[in-house]
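Bear in mind that the values in this text are calculations on the coordinates, not laboratory data. As the structure is a prediction and not an experimental result, all values here were calculated from the model. Cβ coordinates were reconstructed from backbone atoms using ideal geometry, including for glycine residues, and neighbour counts include every protein chain displayed.
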Amino acid sequence: MKVHFISIGGSVMHQLAIALSKKGYEVTGTDDEIFEPALSNLKEAGLLPAKIGWDDNLIQPQLDAVILGMHARADNPELLKAKTLGLNIYSFPEYIYKESLQKKRVVVGGSHGKTTTTSMIMHVLKKQQLAFDYLVGAKLSGFEQSVNITDAPIIVCEGDEYPASAIEKKPKFHFLYPHIAILTGIAWDHINVFPTFDFYLEQFLIFINRIEKGGILIYNESDEVLANLVANNRRDDILYQPYQVPPFTIENGITTIEIGSYKGPLSVFGNHNLMNCFAAYYACAELGVSTIDFLESMKDFTGAAKRLELLEWNDTMRIYRDFAHAPSKVKATVQAVKQQFPERRLYGILELHTYSSLNVHFMNEYKGALEELDESVVFYAKHALEIKQMPELPAQKVVEGFGKPGLIVMNEKSELEKWLLNIPNHDANILFMSSGNYDGLNINSLAKAIINNHSEG
């Protein structure tokens, strides 16, 4: 097989390129910019393009497939030539499906919890020494890359609702046709892509209708929107497995989950993680994993990068980082930390970074999301607004939208750093929530400094 990647430097695209190269395919690729870690990863794999930029001379009739990345424009010269030659052109998910036609496909969709649930399934299958391929949107402990394509009989995929490519605007998860499907919940997000809630909701109905006959939908019945969608659009050729928060206890900061007559301690915590765990359990059960083996495997699952990731800690303080940015994700993450450590004061810093979160008309969606924080900061850089060519976001509109008494709004990272380093020395936890980087603030170094200040205080 000869495969060419247009935009090979993408975070997931370059991982697929490496995976196919390891499988024995002849792989080429181009991009107009390649950053770390893709740059080093491609170089190490011998797949780094000889020069930066597009080269339509690489588009030849003998190519079996051209894989088009999200960042390639519709007028890309390589894409235009591939069309002229009548080559097979695939978006990323379309190609994943092509490679998994003979596999049992597990696809995890939903507005939140996709990466964690996918990671849990992968972790258990690996512990049980079952052969499987995968596609996940984060770096996971124990896995060299985020995409793997072999001849394994199973593939586990995180199902993203973002558009597949520049020429294929349908959501990625519409192309994966699962046998085992999970939906973790539906909360309107990405308003730059899905301008109305009804349009966003329709994408999930399409996903449900693309579950293979005889397949199963594992869904979060505690999510009212999702439960109503399922109830009003049931199919008679698939099975349904609802789930919610399973029985659990918390003792000395350790959560123990109960499934049937079995119990097992977890390294992760919070209602959303417990629901993710229950969804993963049902998927693994479909793949032949017993309850006791599932619980034993889950004991040392510590989570995906930036998903309630513990950065630094000592006896009286813990500092977490989470990818949460949409309202429902933010609320669930705050509740999780507060529930696990109810006696500690909780400081939360939410960065508005996405198109949705920086939209003044979206602010009311955040009402109540920070309710359980003892001290709360909303940070957004004016630079982020400029890059996205968005209008000014008045601080007062943020305060009104969140409806959180005492909310502090900041725009300068130096101001945020100063505030954090002056947090009083008493039992406390700090929670960073963002899909960005706080305008370049080094959160890892700052977390160390906060702990040191706290220890010395």
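General observations
- Spatial separation of Cα centroids for segment 248-301 and segment 123-147, in angstrom: 18 Å
- Against the main long axis of the alpha-carbon atoms of the chain, helix 327-340 sits at an angle near 50°.
- Peptide packing for 346-354, 364-372 was compared via the average number of neighbouring C-beta atoms within 10 Å per residue; ordered from the highest value, the list is 346-354, 364-372.
- Rounded to the nearest 20, the size of the Cβ-charge dipole of the chain about its Cα centre is 580 debye, with Lys and Arg at +1 and Asp and Glu at -1.
- LYS418/ILE52 FRET efficiency (R0 45 Å; Cβ-Cβ; nearest 0.05): 0.70
- Pair LYS213, LEU385: separation of 7 Å Cα→Cβ label points (nm): 5.5 nm
- Model label points for LYS98 and ASN452, set 7 angstrom from Cα along the Cα-to-Cβ axis, are 5.2 nm apart.
- Projecting label points 7 angstrom from Cα along Cα→Cβ for GLN396 and GLU224 puts them 3.2 nm apart.
- If you bin all the Cα-Cα distances of segment 2-87 at 5 Å, starting from zero, the percentages per bin are 3, 16, 30, 26, 18, 6, 1.
- Projection of the Cα convex hull of segment 167-275, averaged over all directions and equal to a quarter of that hull's surface, yields 9.0 nm².
- Per-pair calculated FRET efficiency, R0 = 25 Å: LYS126 and ILE292 via Cβ, rounded to 0.05: 0.90
- The chain: radius of gyration over Cα atoms, expressed as a fraction of 2.2 N^0.38 Å: 1.00
- P(r) for segment 115-190, from all Cα pairs and a bin width of 10 Å, is 17, 49, 29, 6 %, short bins first.
- Eligible lysines near LYS413 by straight Cα distance, threshold 16 Å, same-chain separation 8 or greater: LYS382
- Global form of segment 337-457, assessed from the alpha-carbon gyration tensor, a/c cut-off 1.5: oblate
- Cross-link pairs exceeding 32 Å between alpha carbons, from the set LYS172/LYS404; LYS169/LYS388; LYS23/LYS169: LYS172/LYS404.
- About the centre of its Cα atoms, segment 309-456 shows a dipole size close to 260 debye [charges on the beta carbon of Lys, Arg (+1) and Asp, Glu (-1) only; nearest 20 debye].
- For TYR355, residues with placed amide H under 5 Å, excluding near neighbours: none
- Peptides 231-238, 44-51, 431-438, 402-409 ordered by average Cβ neighbours within 10 Å, highest first: 431-438, 402-409, 44-51, 231-238
- Principal axes of segment 333-377: Cα extent on each, largest first, Å: 35, 15, 15
- Segment 286-348 - charge dipole about Cα centre, Lys and Arg +1 at Cβ, Asp and Glu -1, debye rounded to 20: 480 debye
- Here's the picture: charge each Lys and Arg Cβ at +1 and each Asp and Glu Cβ at -1 in the chain, and of GLN339, ASN232, THR256 the one pushed furthest to the positive end of that dipole is ASN232.
- Crossing angle, helix 114-127 versus the chain [Cα axis fit, 0-90 degrees, rounded to tens]: 70 degrees
- Shape class of segment 70-225 from the alpha-carbon gyration tensor: oblate, with a/c at 1.5 or above and b/c at least as large as a/b.
- On Cα atoms only, tilt of 13-22 relative to the major axis of the chain in degrees: 50 degrees
- By the beta-carbon count within 10 Å of each Cβ, the least crowded to most crowded order of THR316, THR115, fewest first, is THR316, THR115.
- Each Cα pair under 8 Å and six or more residues apart adds its separation to the average, and for the chain the resulting relative contact order is 11 percent.
- Chain lengthening between ASP300 and THR249 when straightened (0.36 nm per residue, less Cα-Cα): 16.6 nm
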